[in-house]
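Okay, structure first, notes after.
The values are calculated or read from the model by the stated rules, or taken from the named source; none is laboratory data. Small disclaimer: the values here were computed from a predicted structure and weren't measured. Cβ atoms come from the backbone with ideal geometry, glycine included; neighbour counts cover every protein chain shown.
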Amino acid sequence: MPQKKLDLTYFKLLETFGEREFTLDDLKKSGIFGYDEKSLSVILNRLRKEGLISVKKSEKDMRVSIYKLLKPHEVLKSSGRGEIINLLKRAADIVRGKVDYEVLLILLFYKAYSDIWKEEFKEAIEELKSEGFEEKEAKEEAKLPEYHTIQIPEEYLWENVIKTRERLTEKIRDALIKIAEQNPDIKDALDRFLRYLDDLIGKENSDLIIRQVVDIFNNLRFSKLEADYLGDAYEWLISYFAPQKAKAGELFTPREVVKLLVEILEPSKERRKILDPAAGSGGMLIYAYKFVKERLGENTAKELILVGQEAKDINFAIMKLNFLLHGIGFGKNVKLYKEDSLLNPRFREDDSFDIVIFNPPWNQKGYGEKSLKKSVIADVFSRFGYPPDDKADWAWIELALHFTKENGKVGIVIDNGCLFRGGKEKSIRSKIIDNDLIEAVILLPEKLFYNTGAPGAIIIFNKKKQEERKGKILFINATEYYEKHPEIKKMNILSEKGIKKIVEVYKEWKEIKGFSKIVSLKEIKNNDYNLNVTLYVYPQIEEEEINLKQVWDELEEIDKELFEIENKIKDWVEKAVSVGGGKSG
């Protein structure tokens, strides 16, 4: 089905006619476009072809067509994710450069769960009436917490709050305060967003900007059955603003890289306990959940134990709502902590994990020996050694290995430099290599990450290698497997072809010339413990096979043509001289 586009034409008609039927003459009289009748007919015909408007003939006069716009949520339901993204882009354009994108995240959450509350309310009423409740009793009963995912007092539902034209930001803030009070599991996340709304109140044009966003979000309708759509919309907003947030030091892992890492590590019913100690927006844990859900079903996905920790308060707030909007609730199987994992890993109480998957801040400063000796797990870093003060990459790896089960795996996205730098990093790296803990090193294409154009790397650690993999490391050079980013200039994305090829080579443990190579630990030690992928495998330059006979024949044909041209020129000159009598003018 072609994607339907909710463009400005549609919204102008919606503002004028709403759900009312209208004719071409009605449209012409409204004057909203100022076009002639022929142009208006073209517009209506286009909207009809795009499925945004229904058409029927008048019962009084079959020559007259009667039009009616589809409701926005009906269009979105038939169009899918694409149209939700189109609306979010419009909202993003409104706030860009004026207010922080946090506004969009909290308003999306508020709108979505107001919609879901209303849906749950209606379902509960029907269920209660079928059990013998009277209408009035059923309505009162259906407001109780046990019928709802999120508790929202009825007067604070979206549609009841956004009616106001004045002090809109303040009233939304007040509504979210009430919602935070009634939902302890997400109060800490909502409080972080509320601090930003507090700062907006009273600022010039803030109410106008919020009103414009609200008007766009009014065209979105969510239900509890659309968690994937809702979660994807939330993550799209995070990724859309990732380039500008990267400048402030926030790191968002491209979802193609997350997908690759999850498919390599393969969470499952047996490998169900998963940790991300630098969780950011929670994307890696969420994708692990979706991976299991798609392959093994939702019941198995719900058995996963997902543990995430994040130090920055805004990232933590974003992560908690991200889980909720993806339909992943909190409880004994989902634990999210806000704390510095290197200094105070709250997850140490959860014992060890089957999988540790993460993308920590690269080359993080301030975590040398002096700082890490103050950590509650200082002894963890004494095994392999302390990193330099200005690069914590290997400290993160030591942390992950410590909290991994004896048969567990670690997958980390890291700066390529940590593979070959010397000094303290080399000392840690050499000890981990000697312990045969590294299974694979993957060099990614350049310009994948929002905060740097440099190529990142993935390191896979395996505490219990298969027999044929012991004493060896698989190197994969995937630098050629990228496509241009569809929305951001000068950036790339990891290609689907690349993801499939990397996963296949890793699982089958095989060599492909110019792409992968299996290298013994002895050779790596001889190379001074250098894990730089290009030292072991480099993309092959495809050389075109030359058919010498064909080339020779082509050269002979060119010589023949040149000879003929020379003869023609010679004949022309001789004739010109003959006509002119051999004299020059």
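If we scan region 463-485, do we find a residue that is within 19 Å of residue 396 (Cβ to Cβ), polar (S, T, N, Q) and either surrounded by 14 or more Cβ atoms within 10 Å (Cβ to Cβ) or not assigned by TED's automatic domain parsing to the domain that holds residue 504 (or both)? No: region 463-485 contains no residue that is within 19 Å of residue 396 (Cβ to Cβ), polar (S, T, N, Q) and either surrounded by 14 or more Cβ atoms within 10 Å (Cβ to Cβ) or not assigned by TED's automatic domain parsing to the domain that holds residue 504 (or both).
Do we find that residue 175 is surrounded by 19 or more Cβ atoms within 10 Å (Cβ to Cβ) and farther than 30 Å from residue 207 by Cβ in this structure? So residue 175 does not fit the description; no. When residues in region 352-371 are screened for being closer than 30 Å to residue 268 by Cβ and of a type in the set (Gly, Ala, Ser), 1 of them pass.
When the test is whether a residue is of a type in the set (A, V, I, L, M), on the phi < 0 side of the Ramachandran plot and outside the structural domain of residue 422 (by TED's automatic domain parsing), residue 503 does not pass it.
Taking only region 395-420 into account, find how many residues are surrounded by fewer than 19 Cβ atoms within 10 Å (Cβ to Cβ) and farther than 20 Å from residue 377 by Cβ. Matching residues across region 395-420 total 3. For residue 197, indicate whether it is within 32 Å of the chain's Cα centre (by Cα), crowded, with 20+ Cβ neighbours inside 10 Å and not in a helix (DSSP H, G or I). So residue 197 fails the test. Criterion applied to 488, 499 was being hydrophobic (A, V, I, L, M, F, W, C), touching a helix residue (DSSP H, G or I) at 6+ places or on another chain (Cβ under 8 Å) and either modelled with pLDDT of 95 or more or closer than 29 Å to residue 422 by Cα (or both), and the one residue passing it is 499. Residue 357 - would you say it is touching a helix residue (DSSP H, G or I) at 6+ places or on another chain (Cβ under 8 Å), under 20 Å from residue 293 (Cα atoms), buried (at least 24 other Cβ atoms within 10 Å of the Cβ) and among the β-branched types (Val, Ile, Thr)? Taking the combined requirement at face value, the residue satisfies it. Only a single criterion out of (1) within 25 Å of residue 442 (Cα to Cα); (2) of a type in the set (D, E, K, R); (3) part of a helix (DSSP H, G or I) is not satisfied by residue 271, namely (3). Scoring residue 330 on the criteria (1) touching a Lys or Arg at 6+ places or on another chain (Cβ under 9 Å); (2) modelled with pLDDT of 90 or more leaves a single failure, condition (2). For region 292-351, a tally of residues being in a helix (DSSP H, G or I) and either within 20 Å of residue 192 (Cβ to Cβ) or of a type in the set (Asp, Glu) (or both) returns 18.
Of the residues screened, residue 342 is not one that is of a type in the set (A, V, I, L, M, F, W, C) and within 22 Å of the chain's Cα centre (by Cα). Taking the criterion of being aromatic (Phe, Trp, Tyr) and closer than 19 Å to residue 341 by Cβ, the residues of region 275-329 that qualify are 316, 323. Any residue in region 345-359 that is more than 24 Å from residue 458 (Cα to Cα) sitting within a Cβ distance under 6 Å of a residue that is surrounded by fewer than 21 Cβ atoms within 10 Å (Cβ to Cβ)? List the pairs, counting only those 6 or more apart or interchain. Listed by first residue and then by second, the contacts come to 346/337; 346/339. When restricted to residues that are free of Cβ contacts under 8 Å to residues at least 12 places away in the same chain and of a type outside the set (Lys, Arg), region 26-64 contains 11. Filtering region 529-562 to residues that are modelled with pLDDT of 80 or more and of a type in the set (A, V, I, L, M, F, W, C) leaves 531, 533, 535, 537, 558. The residue list 458, 488 contains one member that is aliphatic (A, V, I, L, M) and surrounded by 18 or more Cβ atoms within 10 Å (Cβ to Cβ), which is 458.
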